[in-house]
Amino acid sequence: MAVAKRRPSIAVLIYTASVVTLGGYFTFASVQGEYGLFRRIQIEAERGALQSTSDSLEAELADMRNKSMRLSDGYLDLDLLDEQARDVLGYLRTDEIVIR
C-alpha cells in the first residue's frame with residue numbers, strides 16, 4: 001500500500017508566509033524603528049550629555065549669582081571689586097610694578 005503525500009493547501013502557505021513576514025516586521029521595528037531599542041539607547045546617551053551640560057551651566061550660574069550679590073549695593077565686597085577693576089578695566093595701583 002502506497003501512502004500518498006498530501007501537499008499543503010495554498011491557504012496554509014499564505015497564512016504561514018504572512019505570519020513570518022509580520023513577525024519579522026515587528027521584530028525589526030522593535031529593534032531599529034523610531035521607538036525601538038537602538039533609538040532608546042541613543043536618547044539615553046543624549047540625555048546624559050545634556051544633563052552634564054546642564055549641571056555645569058547651573059554651577060556657572062550659581063557662581064555668577066554669588067559675584068552679582070557680592071557687588072550689589074546692599075553688600076559690597078571690596079576685594080572682588082578690586083579684582084574686577086584690575087581684570088576688566090586694567091587698573092593698577094600707583095605702587096605696583098607690572099612685569100610681562
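Look at residue 65 and say whether it is at pLDDT 90 or above and over 13 Å from the mean Cα position of the chain (by Cα).
Numbers: at pLDDT 90 or above: yes; over 13 Å from the mean Cα position of the chain (by Cα): yes.
Criteria met by residue 65.
Of all helices (runs of 4 or more DSSP H) completely enclosed by the chain, which ones contain at least 1 residues that are of a type in the set (Asp, Glu) and open to solvent by 80 Å² or more (accessible area, probe 1.4 Å)? Steps first, please.
On the way: elements: 10-32, 37-70, 78-84.
Those helices (runs of 4 or more DSSP H) span 37-70, 78-84.
The values are calculated or read from the model by the stated rules, or taken from the named source; none is laboratory data. This is a predicted model, so every value here is computed, not measured. Areas reflect the complete protein model, heavy atoms only, side chains present, ligands, DNA and RNA absent. Shrake-Rupley method; radii C 1.70, N 1.55, O 1.52, S 1.80 Å.
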